[in-house]
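The values are calculated or read from the model by the stated rules, or taken from the named source; none is laboratory data. Owing to the predicted nature of the structure, the values given are computational and were not obtained by experimental measurement. Neighbour counts are summed over all protein chains in view; Cβ atoms, including those assigned to glycine, are modelled from backbone coordinates with ideal geometry. Protein only, heavy atoms only, side chains kept; ligands, DNA and RNA dropped before computing areas. Shrake-Rupley method; radii C 1.70, N 1.55, O 1.52, S 1.80 Å.
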Amino acid sequence: MTSTLIRGRLLSFNRAPEDIDDSAAYTYESDGGLLIEDGVIAAAGAYAAVKATAPQDVAEVDHRPHLIMPGFIDTHLHFPQMQVMASYAADLLEWLNTYTFPEECRFVEPAHAERIAVHFFDEMIRHGTTTATAYCSVHKTSADAFFAESLKRNMCMIAGKVMMDRNAPQGLLDTPEMSYDETRAVIDDWHGKGRNHVAITPRFAITSTPEQMEVAQSLVREFPHLHVQTHLSENRDEIAFTSELYPEAKDYTDVYARYGLLGPKSLFGHCIHLSEREADAMSETGSVAVFCPTSNLFLGSGLFPLRALTRRQKPVRVSIASDIGGGTSYSMLRTLDEAYKILQLQGERLNPFDSFHLMTRGNAEALSLADRLGTLEPGSDADLVVLDMAATPAMALRAEVVNSLADELFLLQTMGDDRAIVETYVAGKPCKSVLGMS
Ligand code: GUN
Ligand code: ZN
């Protein structure tokens, strides 16, 4: 058995904070210790107490004065869009048709998919993200490259081969039959291998025929424990086009409901313009609305109504995500900074404890993985991030006058990026400091 004792300041959430003074929502140790055994957190608490339980010869790593938290979780991004980021377009549909679809066509080539997968996982590690829920391209090769690389790095990843059979270039289309066969093959090849999870991934209603939606429904029936991911109500033109394609549906959400795609393992990217009826349907089924702040601003899609969704009589579960490549940063710190501003524009507050809860335990709960991810509780996988609030000269100057944990978190979120990530641990192994060495 390999054991490591990691020392530093520890922060882990017990539940969602009710307000900025809700200190019972989290556990903070100013001189903490984490005992890691075989990639899992075996003990967490005050350093002296944890050290007393550790084997005599335990290897120790001292990260003081830095803050150690569970690794960040990103609940929606697109692996084949790394080279689409920063593409100039008026809105979602122009951006998809002009840049995104042509770029995704390249993922039919295994060598390209494999090369981008290496970069993708490097960026995740560099930014402290240890789990992500990803869309691959329509090609099985892209899912193979993604999962092979995540297996190599022993990361907990959720991803799916996108299903799409219309309204896109020929090189990016499957058929209902192909989408069934290839999704099944991806499940057979990768689900449960290492820490990989496969998600059933119809891209969105515009790119799937009703026949393909039926296939998605059969897959959900056949594999009810798998995650489902798609896009919903991101942009007004997208909503209008969807209602033309599915005239019999009550609204956009009802398109997915008709094919049995709503449920507690279902993640719906964006959900900016939902009606009350749609929000009720999301709530009643335990479906998750995924907030993608940098993407929503970049594509001009709209302001996600976080509080209106979570504080309604029938609350909707929410998570937070980068939505690379509509999103503009891999960093969950940058993502939460933009989320804060989106709430400011709606006269709402997002306190720093809310933010750090969301990107750790909150997102783990949204993925139904909080028993293993998102906290520092014993039994959790030792996926960790080590944060430095004085990572740049400007941050260090600001940090001189920080005198509370809330201030520190807010500084990290407002001014931090990958430079604030001192180390990223995956299943107990340091990965950021060794990037590029193998
Ligand atoms: N809707 C369908 N596909 C996409 C995508 O790749 N990005 C975003 N932001 N929205 C989508
Ligand atoms: Zn997306």
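Using R₀ = 56 Å, calculate the FRET efficiency as 1/(1 + (r/R₀)^6) where r is the Cβ-Cβ separation of SER30 and GLU244; round to 0.05.
Calculated value: 0.45.
For the chain, what does the helix formula give at 222 nm: sum of -39500 (n - 2.57) over DSSP H segments with n ≥ 4, over the residue count, nearest 500 deg cm²/dmol?
-10000 deg cm²/dmol
Give the dimensionless ratio obtained when the Cα radius of gyration of segment 86-150 is divided by 2.2 N^0.38 Å.
Here the Cα radius of gyration is 1.20 times the empirical estimate.
With the crude spin-label approximation of a point 7 Å out along Cα→Cβ, what separation in nm comes out for ALA16 versus LEU435?
Between ALA16 and LEU435, the label points sit 3.2 nm apart.
Within segment 147-163, what residues put their amide N at less than 14 Å from the label point 7 Å along the Cα-to-Cβ vector of HIS191?
158-161
Specify the residue with the greatest mean-square fluctuation among THR242, THR201, THR131, computed from a Gaussian network of the chain linking alpha-carbon atoms under 10 Å apart.
With Cα springs under 10 Å in the chain, the top fluctuation among THR242, THR201, THR131 is at THR242.
Hey, what do the phi angles of segment 388-393 turn into as Karplus ³J(HN,Hα) couplings, whole Hz, using 6.51/-1.76/1.60 and θ = phi - 60°, x for Gly and Pro?
Per-residue couplings from phi come out as 10, 6, 10, 6, 10, x Hz.
Taking the chain as a Gaussian network, Cα atoms linked when under 10 Å apart, which of ASN403, ASN196, ASN351 shows the biggest mean-square fluctuation?
Sorting by GNM fluctuation, first place goes to ASN403.
Show which lysines lie in cross-link reach of LYS193 when reach means a straight Cα distance below 27 angstrom and same-chain residues fewer than eight apart are skipped.
Counting by Cα, and skipping residues close in sequence, LYS193 has these lysines nearby: LYS140, LYS152, LYS161, LYS265, LYS429, LYS432.
Which order do LEU173, LEU299 take when ranked by solvent-accessible area (1.4 Å probe, heavy atoms of all protein chains), largest first?
If we order LEU173, LEU299 from most to least accessible, we get LEU173, LEU299.
Counting only Cα atoms, I'd like the Rg/Rh figure for segment 1-51, Kirkwood definition for Rh.
Here the Rg-to-Rh quotient is 1.07.
Can you give the longest stretch of the chain with no exposed loop site, where a site means trypsin sites (Lys or Arg not before Pro) in a DSSP loop (not H, G, I, E or B) with at most 14 other C-beta atoms within 10 Å?
16-165
At most 10 other C-beta atoms within 10 Å and a DSSP loop state: those are the exposed GluC sites (Glu not before Pro) I care about. Give me the longest piece of the chain that has none.
The longest such stretch corresponds to 1-247.
Over its Cα atoms, what ratio of radius of gyration to 2.2 N^0.38 Å does segment 1-85 give?
With N residues counted in segment 1-85, Rg over 2.2 N^0.38 Å equals 1.38.
Give the span of segment 167-292's Cα atoms along each principal axis, as three whole-Å numbers ordered largest to smallest.
Reported extents, whole Å, longest axis first: 39, 33, 25.
Determine the distance separating the Cα centre of segment 170-184 from the Cα centre of segment 2-39; give it in Å without decimals.
Using only Cα atoms to place each centre, the spacing works out to 44 Å.
If the chain were replaced by its equivalent ellipsoid, with semi-axes equal to the square roots of 5 times the Cα gyration tensor eigenvalues, what would those be, largest first, whole Å?
Three semi-axes, in Å: 35, 24, 20.
Which of the chymotrypsin sites (Phe, Trp or Tyr not before Pro) found in segment 1-92 are loop residues per DSSP with 12 or fewer other Cβ atoms within 10 Å of their Cβ?
Passing sites in segment 1-92 are TYR88.
Once the mean 1/r over all distinct Cα pairs of segment 308-348 is inverted, what Kirkwood radius in angstroms do you read off?
Radius from the Kirkwood sum: 11.5 Å.
In units of 2.2 N^0.38 Å, what is the alpha-carbon radius of gyration of segment 46-145?
Ratio of Cα Rg to 2.2 N^0.38 Å: 1.57.
Per residue Cα convex hull volume for segment 153-199, in cubic angstrom?
Expressed per residue, the convex hull around the Cα atoms of segment 153-199 is 80 Å³.
Taking only C-alpha pairs under 8 Å that are 6+ residues apart, what is the relative contact order of segment 3-63 in percent?
This gives 41 percent for segment 3-63.
Can you give me the angle between helix 236-245 and the longest principal axis of the chain, using Cα atoms only, in degrees from 0 to 90, rounded to the nearest 10?
Here the helix axis deviates by roughly 40 degrees.
Enter the Cα centre distance for the pair segment 127-163 and segment 199-273, rounded to the nearest angstrom.
21
Antiparallel as a % of all DSSP beta bridges within the chain, to the nearest 5?
That works out to approximately 45 percent antiparallel.
On each of the three principal axes of the Cα atoms of segment 304-438, give max minus min coordinate, whole Å, ordered largest first.
Here the spans come out as 50, 37, 32 Å, largest first.
Would you mind counting up the charge near PRO80? Only other residues with Cβ under 14 Å from its Cβ, with Lys and Arg at +1 and Asp and Glu at -1.
After counting each charged neighbour, the total is -3.
On full extension of the chain, what length is gained from ALA48 through LYS341, given 0.36 nm per residue of separation minus the C-alpha to C-alpha distance?
Value of the extension gain: 101.4 nm.
Quantify, in whole percent, the carbon and sulfur part of the accessible surface of the chain (1.4 Å probe; protein heavy atoms only).
52
Taking Rh as the Kirkwood radius computed over C-alpha pairs, what is the Stokes-Einstein D of segment 230-357 at 20 °C in a medium of viscosity 1.002 mPa s, expressed in µm² per second?
Calculated translational D: 144 µm²/s.
Take the chain, connect every pair of alpha-carbon atoms lying under 10 Å apart with a spring to form a Gaussian network, then pick out the residue of HIS63, HIS139, HIS127 with the largest mean-square fluctuation.
HIS63
Using the alpha-carbon centroid of each, what span in Å lies between segment 65-104 and segment 362-438?
21
Is the shape of segment 256-327 rounded, prolate or oblate, going by the alpha carbon gyration tensor and its root eigenvalues a ≥ b ≥ c, with a/c under 1.5 for rounded and a/b larger than b/c for prolate?
Cα axes put segment 256-327 in the prolate bin.
Normalising by the residue count of segment 257-350, find the relative contact order in percent from Cα pairs under 8 Å and 6+ residues apart.
Once normalised by length, the contact order is 27 percent.
In square nanometres, what is one fourth of the surface area of the convex hull spanned by the alpha carbons of segment 115-233?
7.4
Over the alpha carbons of segment 139-178, what is the largest minus smallest coordinate on each principal axis, giving the biggest first in Å?
For segment 139-178, the Cα extents along the three principal axes come out at 35, 16, 14 Å.
Can you find, among LEU387, ALA185, ALA54, the residue sitting farthest towards the positive end of the charge dipole of the chain, where Lys and Arg contribute +1 and Asp and Glu -1 at Cβ?
So the residue furthest toward the plus end is ALA54.
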